[in-house]
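S.K.: Shown below is the structure under consideration.
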Amino acid sequence: MNKRRLVTELPGPRSRALMERKTSAVADGVGTTMPVFAAKAGGGIVVDVDGNQLIDLGSGIAVTTVGASNPRVVRAVTEQVEAFTHTCFMVTPYDGYVRVAEKLNQLTPGDHDKRTALFNSGAEAVENAVKIARAYTRRDAVVVFDHAYHGRTNLTLAMTAKNKPYKHTFGPFAPEVYRAPGSYPYRDGNLDGAAAAARAVDQIEKQIGAENLAALVIEPIQGEGGFIEPAPGFLPALAAWCRASGVVFVADEVQTGFARTGDLFACEHENVVPDLIVTAKGIAGGLPLSAVTGRAEIMNAAHEGGLGGTYGGNPIACAAALAAIETIEEDGLGARATEIETLIKERLSRLAVQDLRLAGVRGRGAMIAVELVREGSTEPDPRLARDVARYAHRHGVIVLTCGTYGNVLRFLPPLTITDELLNDAFDVLADALNATAPKAAAQQADALKATALEATAPKATALEATAPEATR
């Protein structure tokens with residue numbers, strides 16, 4: 001199970017049958033990127049129910065950072081399941097929760113006194129970070145940024161920028177959420193970080209007022225918004241303004257955390273120390289777990305009983321998290337993320353030289369993206385992104401798209417993937433770009449036209465149909 005291998009067309013017969021069952025049993029609002037059903041996964045490969053082996057450049061949207069069946073995680077989860085599956089930490093607590101909290105207090109940026117609370121999903125943790133900030137500051141307003149994604153609950157939908165598929169028809173949303181301009185070097189004239197931060201602060205001070213602002217919530221590298229890496233200096237300037245203004249600076253590291261970007265947390269790249277840091281996704285090797293970690297005086301502002309939830313910090317998820325963190329540390333996966341960055345960026349840069357529809361290669365570690373635009377312009381080309389992704393899917397490579405304009409290909413391989421699989425995947429990507437090039441598209445259109453003409457032409461007689469090629 002260490003290479004791409006297709007034994008049927010995609011989707012195969014078993015996946016097609018399961019998709020029919022899915023359609024009749026699952027709500028239409030629950031979509032899927034690919035019409036294949038997983039049976040097994042690990043080492044950068046997803047095996048579907050028809051036996052096809054697909055290269056995984058998605059990691060379940062940045063979740064299976066240590067691999068989809070990491071041996072340490074499997075052992076830890078198995079041992080915990082045999083002990084007990086649940087008691088609810090708020091009823092009869094257990095040491096796994098405490099150990100995870102201790103580890104996060106130790107590993108997250110800053111050497112100040114910290115506290116941690118555990119939850120289930122990234123959205124739930126973001127929402128609790130806002131609750132905590134409001135309790136601490138006794139203020140209501142929250143600032144987020146253009147292109148942000150923070151989740152699918154009502155409050156986090158208000159914080160998320162993109163309408164479809166996330167917000168459309170689901171309002172009204174929670175009040176007192178305001179949006180500021182961010183830093184998007186490819187699309188804002190390469191405005192430097194300090195200037196972009198000054199622009200945001202000016203809008204915040206004029207339209208909201210620092211005295212009304214509880215928290216500023218930001219992804220150090222924006223995820224669903226397009227893997228937008230802000231210009232250097234942007235995050236430090238915002239963090240400094242928050243400190244001076246008594247505003248809680250919240251780093252949403254749901255997608256960027258746990259060595260995904262090379263650093264254990266993305267805000268470490270510029271030595272930014274957030275007041276609160278939100279983590280999830282890669283924290284627990286595929287099990288649902290999230291956390292808010294931050295300054296003790298802020299975290300302790302919520303009254304006793306004000307934070308929690310029935311499943312928050314489930315013992316099985318805590319066991320998985322401790323094993324996943326051990327794997328990242330013991331196996332040097334931060335360094336491996338940097339190696340992956342070098343390989344992917346080198347491949348994308350070579351492709352961009354040959355194909356002017358590729359622009360804005362960006363990201364860090366195993367969180368890399370490229371924008372697809374109409375050749376000779378910066379106009380987003382979401383159709384091209386969709387077509388390239390579909391070609392990759394048909395040829396056994398899991399690729400995800402994202403971005404406010406839907407024109408970004410994003411690459412999130414597990415940190416355990418091999419160079420061989422990565423190179424094979426990007427060979428497929430190169431083929432996809434060639435197949436969707438204007439010349440190739442025109443040739444394909446001509447072929448389809450010829451096929452249509454042939455279908456409407458008079459049928460050959462039996463004699464003509466069996467005549468030797470040389471007599472035709």
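S.K.: Can you tell me which residue is nearest to the chain's Cα centre (by Cα) among those in the range 231-245 that are under 16 Å from residue 364 (Cβ atoms) and crowded, with 24+ Cβ neighbours inside 10 Å?
M.R.: 235
S.K.: Here's another thing I want to ask about it. State all residues of the range 118-153 that are within 20 Å of the chain's Cα centre (by Cα) and farther than 18 Å from residue 312 by Cα; if no residue qualifies, say none.
M.R.: The answer is 144, 145, 146, 147, 148, 149, 150.
S.K.: Does any residue in the range 364-385 that is in the same structural domain as residue 224 (by TED's automatic domain parsing) and assigned to a loop (DSSP other than H, G, I, E, B) come within less than 9 Å, Cβ to Cβ, of a residue that is buried (at least 24 other Cβ atoms within 10 Å of the Cβ) and charged (D, E, K, R) six or more places away or on a different chain, and which pairs are these?
M.R.: Pairs found: none.
S.K.: Sticking with this structure for a sec: Any residue at all in the range 176-192 that is surrounded by fewer than 19 Cβ atoms within 10 Å (Cβ to Cβ), over 30 Å from residue 371 (Cα atoms), assigned by TED's automatic domain parsing to the domain that holds residue 241 and in contact (Cβ under 8 Å) with a residue 12 or more places away in the chain?
M.R.: yes
S.K.: Here is a further query. Looking only at the range 1-30, count how many residues are under 22 Å from the mean Cα position of the chain (by Cα) and within 25 Å of residue 285 (Cβ to Cβ).
M.R.: From the range 1-30, those under 22 Å from the mean Cα position of the chain (by Cα) are 29-30; that's our starting set.
Of the ones still in play, those that are also within 25 Å of residue 285 (Cβ to Cβ) are 30.
Final tally of qualifying residues: 1.
S.K.: Additional query: For residue 15, state whether it is closer than 22 Å to residue 391 by Cβ and either in contact with a His (Cβ under 7 Å, 6 or more places away or on another chain) or at pLDDT 95 or above (or both). Don't jump to the end; show me each part of the working.
M.R.: Details: closer than 22 Å to residue 391 by Cβ: yes; either in contact with a His (Cβ under 7 Å, 6 or more places away or on another chain) or at pLDDT 95 or above (or both): yes.
For residue 15, the condition - closer than 22 Å to residue 391 by Cβ and either in contact with a His (Cβ under 7 Å, 6 or more places away or on another chain) or at pLDDT 95 or above (or both) - is met.
S.K.: Please find, within the range 37-66, the residue that is surrounded by the fewest Cβ atoms within 10 Å (Cβ to Cβ) out of those that are assigned to a loop (DSSP other than H, G, I, E, B) and free of Cβ contacts under 8 Å to residues at least 60 places away in the same chain. So that I can check it myself, show each step before the final result.
M.R.: Keep residues of the range 37-66 that are assigned to a loop (DSSP other than H, G, I, E, B), which gives 37, 43-44, 49-52, 57-58, 63-66.
Filter once more, keeping what is free of Cβ contacts under 8 Å to residues at least 60 places away in the same chain: 37, 49-51.
Numbers: 37: 19, 49: 17, 50: 21, 51: 14.
Ranking the candidates gives 51 first.
S.K.: OK, next. Go over the candidates 273, 248 one by one and state the one that is assigned by TED's automatic domain parsing to the domain that holds residue 161, among the hydrophobic types (A, V, I, L, M, F, W, C) and under 23 Å from the mean Cα position of the chain (by Cα).
M.R.: Answer to the check: 273.
S.K.: Check every one of the helices (runs of 4 or more DSSP H) wholly within the range 291-355 and list those with 1 or more residues that are hydroxyl-bearing (Ser, Thr, Tyr) and either assigned by TED's automatic domain parsing to the domain that holds residue 105 or touching a residue at least 24 places away in the same chain (Cβ under 8 Å) (or both).
M.R.: Numbers: elements: 296-299, 315-330, 333-354.
Output list reads 315-330, 333-354.
S.K.: Could you list, in sequence order, the residues of the range 247-264 that are within 18 Å of residue 148 (Cβ to Cβ) and of a type outside the set (Gly, Ala, Ser)? Give the steps one after another, and end with the answer.
M.R.: Looking only at the range 247-264, we keep the residues that are within 18 Å of residue 148 (Cβ to Cβ), and these are 247-257, 260-261.
Passing the criteria: 247, 248, 249, 250, 252, 253, 254, 255, 256, 260, 261.
S.K.: Contact list please: Cβ distance under 7 Å, first residue in the range 386-404 and over 18 Å from residue 9 (Cβ atoms), second residue assigned to a helix (DSSP H, G or I) and of a type in the set (D, E, K, R), pairs at least six apart or on different chains.
M.R.: Every condition considered, the pairs that remain are 401/386.
S.K.: Right, another one. Hey, can you tell me all the residues within the range 288-301 that are of a type outside the set (S, T, N, Q) and under 20 Å from residue 110 (Cβ atoms)? Let's see the steps before the verdict.
M.R.: Of the residues in the range 288-301, the ones of a type outside the set (S, T, N, Q) are 288-289, 291-292, 294-299, 301.
Passing the criteria: 291, 292, 294, 295, 296, 297, 298, 299, 301.
S.K.: To continue, here is another question. Is it the case that the range 105-125 has a residue that's without any contact (Cβ under 8 Å) to a residue 24 or more places away in the chain and either surrounded by fewer than 21 Cβ atoms within 10 Å (Cβ to Cβ) or not assigned by TED's automatic domain parsing to the domain that holds residue 227 (or both)?
M.R.: Applying the first criterion (without any contact (Cβ under 8 Å) to a residue 24 or more places away in the chain) to the range 105-125 yields 106, 111.
Next, from what is left, pick out any that are either surrounded by fewer than 21 Cβ atoms within 10 Å (Cβ to Cβ) or not assigned by TED's automatic domain parsing to the domain that holds residue 227 (or both): 106, 111.
Within the range 105-125, one or more residues are without any contact (Cβ under 8 Å) to a residue 24 or more places away in the chain and either surrounded by fewer than 21 Cβ atoms within 10 Å (Cβ to Cβ) or not assigned by TED's automatic domain parsing to the domain that holds residue 227 (or both).
The values are calculated or read from the model by the stated rules, or taken from the named source; none is laboratory data. Predicted model, so just to flag it, every value in this text is computed and none were measured. Reconstructed Cβ throughout: ideal geometry from the backbone, glycine too, with neighbour counts over all protein chains shown.
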